[in-house]
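One structure is given here, and the rest of the page talks about it.
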Amino acid sequence: MKNLLLLFFMTAFFISCDSDKEFEDIGDASECSLKMREYYKGQLYCNKNPHFGTISTNLIKGNYKGKIVYYINVECENCLVAAPSSGYTCELE
C-alpha cells in the first residue's frame, strides 16, 4: 500500500504543470538555455484538458553527434504523439 501511495504522488508530480509559474532557478540557466527558451517560447505550454488530461510541452536538452541540441517534447498521458524528429543547437543549426 505504501508503494502504491508513493507511485500515485510521483505520477501526480510528474504530470502536473502550472503555466503561470516561472522557474525559480532561472538565474542558474546558461545563456544558451535562455536563448533557446526564448526561441521556443511560442511552443511551450501547459494545458489541463478534461478529455486528454494534462498536455504540456517541455524544452529538452540532449547530446546529438557531439553537439548540445534543444528540442520540444510533448507530454500527454492519453495522446498518441510522435517523438520529436528535429532540434536546434544554440547557433540555430
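Being open to solvent by less than 90 Å² (accessible area, probe 1.4 Å) and not in a loop (DSSP other than H, G, I, E, B) is the filter here, so list the residues in region 67-89 that pass it.
Correct list: Ile68, Val69, Tyr70, Tyr71, Ile72, Asn73, Val74, Glu75, Cys76, Tyr88.
Please specify each residue of region 42-63 satisfying the condition of being open to solvent by 100 Å² or more (accessible area, probe 1.4 Å) and more than 12 Å from the chain's Cα centre (by Cα). Before the answer, list the steps.
Going residue by residue through region 42-63, those that are open to solvent by 100 Å² or more (accessible area, probe 1.4 Å) are 45, 48, 50-51, 61, 63.
Selection gives Lys48, Pro50, His51, Asn63.
Could you give me the residue pairs with C-beta distances under 7 Å whose first residue belongs to region 42-58 and is on the phi > 0 side of the Ramachandran plot, whose second residue is of a type in the set (Asp, Glu) wherever it lies, and which are 6+ apart or on separate chains?
That search, which allows pairs on different chains as well, returns Gly53/Glu77.
Which of the residues spanning region 23-33 are at pLDDT 85 or above and surrounded by 12 or more Cβ atoms within 10 Å (Cβ to Cβ)?
Cys32, Ser33 - these are the residues of region 23-33 that are at pLDDT 85 or above and surrounded by 12 or more Cβ atoms within 10 Å (Cβ to Cβ).
I'd like to check something: does region 31-46 contain any residue that is of a type outside the set (Phe, Trp, Tyr) and in a strand (DSSP E or B)?
The first filter runs over region 31-46 and keeps only residues of a type outside the set (Phe, Trp, Tyr), leaving 31-38, 41-44, 46.
If we keep only those that are in a strand (DSSP E or B) too, we end up with 46.
Scanning region 31-46, I find at least one residue that is of a type outside the set (Phe, Trp, Tyr) and in a strand (DSSP E or B), so the answer is yes.
A quick yes/no check of all residues on (1) touching a strand residue (DSSP E or B) at 6+ places or on another chain (Cβ under 7 Å); (2) polar (S, T, N, Q):
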site: Leu44; (1), (2): yes, no
site: Asn49; (1), (2): yes, yes
site: Ile60; (1), (2): yes, no
site: Ile72; (1), (2): yes, no
site: Glu75; (1), (2): yes, no
site: Leu80; (1), (2): no, no
site: Ala83; (1), (2): no, no
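The values are calculated or read from the model by the stated rules, or taken from the named source; none is laboratory data. Note that the structure is a prediction, hence the values are computed from the model and not measured. Neighbour counts are summed over all protein chains in view; Cβ atoms, including those assigned to glycine, are modelled from backbone coordinates with ideal geometry. Heads up: the accessible areas ignore ligands, DNA and RNA and are worked out on the full protein's heavy atoms, side chains in. Shrake-Rupley method; radii C 1.70, N 1.55, O 1.52, S 1.80 Å.
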